[in-house]
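Read the structure below first, then the notes.
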Amino acid sequence: MRRTLNVGRRQGRSSAFSPVPISGLPDELASAVFSDYATRMEFSPKPTAPGLDPRAAAVLREIVEQYVETGEPMGSRTLARRLPIALSPATIRNVMADLTDAGLLFSPHTSAGRLPTDRGLRLFVDGLLQFGELPDDEREAITHSLAASGRSLQDTLADASAMLSGLSQAAGLVLAPKSDSAVKHIEFVPLGVGRALVVLVNADGRVENRVIEVPAGMPPSALTEAANYLNTHTTGRTLAELRRHVTDEMAADRGELNALTADVVAAGLATWSDAGRGGALIIRGQGRLLADVTQIENLSAIQVLFERLETQETIMRLLELAESSEGVRIFIGAESGFFGMSGVSMVVAPARNEAGGIVGAIGVIGPTRINYGRIIPVVDYTARVIGRLLG
């Protein structure tokens with residue numbers, strides 16, 4: 001089961017947010033972001049898990065919260081001290097046995113306490129998790145760090161991914177949209193025998209790099225000539241328009257470029273295909289995914305995860321998730337179909353512009369014991385800031 005959450009959920013007082021002045025961000029933009037966030041951070045009565053009585057819900061909540069905090073199993077004696085209701089260790093053991101039979105808890109070994117299964121975590125997230133709003137200073141810090149001037153769009157999105165990683169202690173990901181802005185500049189940089197780097201600078205400040213193969217022994221002058229040729233045709237054209245225009249020009253006047261240079265031009269443009277509508281996936285903090293790895297099989301699974309994150313298919317799937325989501329979506333274990341593995345959770349939200357259009361996706365990937373109550377509001381708010389900035 002997948003769930004879209006309009007965060008957050010919390011018992012008690014009504015929501016009362018006020019825009020915080022943010023240097024580097026227009027007042028009207030800051031007000032819009034804070035107002036939108038405050039509207040979504042509505043409070044509701046204390047959540048309950050469907051199908052569980054109050055005792056079972058309390059036991060499951062305590063075990064999950066202990067797991068999120070320490071990763072360690074919890075036994076009946078510890079539970080008896082921590083539960084907000086008075087239950088004997090014998091009663092707690094019976095409740096734990098019932099939750100285990102229901103597939104919500106498991107024992108890592110015979111004498112241990114209990115840990116939540118993916119199904120137990122899903123029930124906790126759907127029915128028991130209580131969200132808190134971000135403090136004013138954290139919202140201000142997020143908005144300010146992403147609104148600083150003088151950086152390219154690519155740098156801003158990379159900083160957003162790194163910031164998410166730092167705040168969540170997991171891997172931060174930002175799906176940057178495909179740019180439809182005009183191409184500003186193209187450059188070819190030799191990397192060694194048979195390889196060159198293509199650097200594409202868009203008018204919106206976004207910088208993209210691709211590595212291409214070139215004939216061995218190609219002189220640097222051929223790369224320079226190819227770049228000069230393309231840059232004479234970039235004015236006001238998107239990449240797709242530039243590709244069509246240059247293809248037509250080269251077909252009409254084959255004598256303008258020598259064969260080597262023409263091959264470089266064609267290879268450089270071919271590295272950005274129309275099929276890549278998903279844009280680029282920027283990931284920071286991958287090393288944090290290794291923090292809980294204790295077994296070789298888990299290490300292999302994380303290695304597969306890294307490989308899949310780099311594929312265009314993953315980028316497209318993330319874009320599809322964003323397009324079908326109104327709010328934050330949470331995937332626990334193999335639910336998303338992305339990685340086919342347990343032990344990993346993903347929290348993702350669409351970044352929308354003022355018109356409601358999808359301009360990207362923001363998220364976090366980490367172990368299943370990530371702090372959902374902390375991360376969900378961070379992802380939600382960051383997605384809104386990015387959406388407003390890009391919109």
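The values are calculated or read from the model by the stated rules, or taken from the named source; none is laboratory data. This one's a predicted model, so the numbers in the text were calculated from it and none came from an experiment. All Cβ positions, even for glycine, are placed from backbone atoms using ideal geometry, and neighbour counts span all protein chains on display.
If a residue has to be outside any helix (DSSP H, G or I) and at pLDDT 90 or above to count, how many in region 48-71 make the cut? Talk me through it step by step, then tell me what you get.
Going through region 48-71, the residues outside any helix (DSSP H, G or I) turn out to be 48-53, 71.
Those left that are additionally at pLDDT 90 or above: 53.
Residues in region 48-71 being outside any helix (DSSP H, G or I) and at pLDDT 90 or above: 1 in total.
Where helices (runs of 4 or more DSSP H) sit wholly within region 94-177, those with at least 2 residues that are modelled with pLDDT under 85 occupy 136-147, 153-168. Note on region 74-93: among residues that are assigned to a helix (DSSP H, G or I) and among the hydroxyl-bearing types (S, T, Y), the one that is surrounded by the most Cβ atoms within 10 Å (Cβ to Cβ) is S76. Within the option set V207, V189, being of a type in the set (A, V, I, L, M, F, W, C), out of contact with any helix residue (DSSP H, G or I) (no Cβ under 7 Å at 6 or more places or on another chain), touching a residue at least 24 places away in the same chain (Cβ under 8 Å) and surrounded by fewer than 16 Cβ atoms within 10 Å (Cβ to Cβ) holds for one residue only, V189. Within region 194-215, at least one residue is farther than 17 Å from A280 by Cα, assigned to a loop (DSSP other than H, G, I, E, B) and touching a Leu at 6+ places or on another chain (Cβ under 9 Å). In the set (1) within 14 Å of L175 (Cα to Cα); (2) modelled with pLDDT under 80, the condition left unmet by A349 is number (2). Of the listed requirements (1) surrounded by 13 or more Cβ atoms within 10 Å (Cβ to Cβ); (2) among the small types (G, A, S); (3) part of a helix (DSSP H, G or I); (4) at pLDDT 50 or above, A30 misses just one: (4).
The residues of region 292-336 that are modelled with pLDDT under 70 and either outside the structural domain of A361 (by TED's automatic domain parsing) or in a loop (DSSP other than H, G, I, E, B) (or both), listed by number, are D292, V293, T294, Q295, E310, T311, S336.
One residue stands out in region 89-138 among those that are without any contact (Cβ under 8 Å) to a residue 40 or more places away in the chain and touching a helix residue (DSSP H, G or I) at 6+ places or on another chain (Cβ under 6 Å): the one that is nearest to R369 (Cα to Cα), namely G103. Selection of region 352-374 for residues being under 17 Å from P116 (Cβ atoms) and either modelled with pLDDT under 90 or in contact with a strand residue (DSSP E or B) (Cβ under 8 Å, 6 or more places away or on another chain) (or both) yields G366, P367, T368, R369, I370, Y372.
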